[in-house]
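The values are calculated or read from the model by the stated rules, or taken from the named source; none is laboratory data. None of the values given here were measured: they were computed from a predicted structure. Glycine also receives a Cβ, built like all others from the backbone with ideal geometry; neighbour counts cover every protein chain displayed. When the accessible area is computed, the model is the full protein with side chains, heavy atoms only, and any ligands, DNA or RNA have been set aside. Shrake-Rupley method; radii C 1.70, N 1.55, O 1.52, S 1.80 Å.
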Amino acid sequence: MTDEKTPPAPLPPLLLVGCGQMGGAMLAGWQADGLAPSVILDRHRDDIPAPHTVVRQAADLPDDFTPALIVLATKPQKAADILPSIARFARHAPVLSVMAGKTVGGLTAALAAAGAPGATVIRAMPNTPSAVGQGMTVCFAPPAATEADRALCTRLLSAVGDVAWVAEERQMDAVTAVSGSGPAYVFLLAELMEQAGIAQGLPAGLARQIARRTVSGAGALMEQSGLDAAELRRRVTSPGGTTQKALDVLMAPSAWPAEMEAAIAAAAHRAHELAS
Ligand SMILES: NC(=O)c1ccc[n+]([C@@H]2O[C@H](COP(=O)([O-])OP(=O)(O)OC[C@H]3O[C@@H](n4cnc5c(N)ncnc54)[C@H](OP(=O)(O)O)[C@@H]3O)[C@@H](O)[C@H]2O)c1
């Protein structure tokens, strides 16, 4: 039986391939959570302290290192260069890929061709709020992955936010469109509210401050209250009042409802194209 006060077990050793925006955000969360001595492959990072080892090129990866998991976090177009160098580790450890558009089947086949037949590949789509521990990551595992593999991925990705799993890989396209790309839609909202405030005569600095704080504050309220977004919206909408007037514009069937649906469909379509 687990004592509720027992801290979670330290994170096992990882091979992190690519430590840029996303790999760096995840690593920061893992370091804070007590990551066992791990190896990071990235040609730009010289600021990661011991007990971790940073290597700048794949040829320098240590032969005697046995990671519990390999995390692939380079740009998708770099995958073909990297996979042959990590195949020897993938013979013994599962691979977690956060690369957009790279399918489990494609990566498994590429690893098999590189000398790791039957490697277990799990796919995840994180988002950039992971950098502040507020990420949303959705994962897909093929039947070959074990419960232990899935639990390890959940444990790791929980260090940078919430984690969910989908049962079918094709759902990753919609996930990419909603939560992977989603922070950009919210940043656009802040930009447009700022510009509209300026158009209404506000000083630029004040317009920026109130737009940013409204977006982040509303997000925090939604998170902390646990209420549905629709209910929170109704609570600030008095019939015939100012909010109602704005929502009449935004919620017209041809406005945000149709536009958001079209935007997410376009992003999901692009995710599907990239994965094909
Ligand atoms: N950023 C996001 O919002 C986001 C969200 C969801 C998923 N993702 C996925 O996360 C992955 C990484 O994205 P990112 O934005 O973090 O990319 P990134 O900032 O370019 O980070 C990748 C890092 O890996 C290094 N690298 C690549 N190949 C290497 C090699 N052979 N040897 C040594 N270092 C190497 C890169 O260096 P060089 O630049 O010199 O190659 C770079 O520092 C992508 O596949 C993306 O689809 C990103």
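List of remarks:
- With helices as the sole contributors, the chain gives -14500 deg cm²/dmol at 222 nm; each DSSP H run of n ≥ 4 counts as -39500 (n - 2.57), and the sum is divided by every residue.
- Where labels lie 7 Å past Cα in the beta-carbon direction, separation of residue 59 and residue 92 in nm: 2.4
- Three-way shape call for segment 222-266 based on the alpha-carbon gyration tensor, with the a/c threshold at 1.5: oblate
- Cβ-Cβ distance of residue 46 and residue 75, R₀ of 25 Å, FRET efficiency by 1/(1 + (r/R0)^6): the value works out to about 0.75.
- Chain lengthening between residue 269 and residue 245 when straightened (0.36 nm per residue, less Cα-Cα): 5.3 nm
- Measuring nothing but protein heavy atoms, the accessible surface of segment 182-275 at 1.4 Å probe radius is 63 percent carbon and sulfur.
- With Cα atoms, 0 to 90° folded angle of helix 21-32 axis to the chain main axis: 80
- Sites residue 166 and residue 144, calculated FRET efficiency, Cβ-Cβ separation with R0 22 Å, nearest 0.05: 0.85
- Fluctuation leader among 51, 117, 76 - the chain, Gaussian network, Cα springs under 10 angstrom: 51
- Cα gyration tensor, segment 1-142 - rounded (a/c under 1.5), prolate or oblate: rounded
- GNM result for the chain, Cα springs below 10 Å: residue of 118, 241, 23 fluctuating most strongly: 241
- Comparing 246, 113, 59 in a Gaussian network model of the chain where C-alpha atoms under 10 Å apart are linked, the largest mean-square fluctuation is found at 246.
- Note on residue 75: accessible area approximately 130 square angstrom, rounded to 10, probe 1.4 Å, nucleic acids and ligands left out.
- Residues whose amide H lies under 5 Å from that of residue 138, counting only those 5 or more places away or on a different chain, are 125, 164; hydrogens are built 1.01 Å from N in the peptide plane.
- Applying 1/(1 + (r/R0)^6) with r as the Cβ-Cβ distance of residue 252 and residue 199 and R0 = 22 angstrom yields a FRET efficiency of 0.65.
- About the Cα centre, charge dipole magnitude for the chain (Lys/Arg +1, Asp/Glu -1 at Cβ), debye: 360
- Separation of the residue 151 and residue 223 label points, Cα + 7 Å toward Cβ, nm: 2.8
- Apolar share of the accessible surface for segment 14-170: 54 percent from carbon plus sulfur atoms, 1.4 Å probe.
- Residue 111 sits among other residues whose Cβ lies under 11 Å from its own Cβ, and their net charge, with Lys and Arg +1 and Asp and Glu -1, is +2.
- Three-way shape label, the chain, alpha-carbon gyration tensor, a/c 1.5: prolate
- Virtual spin-label span in nm between residue 31 and residue 128, 7 Å along Cα→Cβ: 2.1
- Across segment 202-207, rounded Karplus estimates of 3J(HN,Hα) from the backbone phi angles (6.51 cos²θ - 1.76 cosθ + 1.60, θ = phi - 60°) give 6, x, 4, x, 5, 4 Hz, Gly and Pro being marked x.
- For segment 127-139, 3J(HN,Hα) per residue [Karplus equation, 6.51 cos²θ - 1.76 cosθ + 1.60, θ = phi - 60°, Hz, x = Gly/Pro]: 9, 5, x, 3, 5, 10, x, 10, x, 10, 10, 10, 10
- Rolling a 1.4 angstrom probe over the protein heavy atoms with all chains in place gives the chain an accessible area of 56 Å² per residue.
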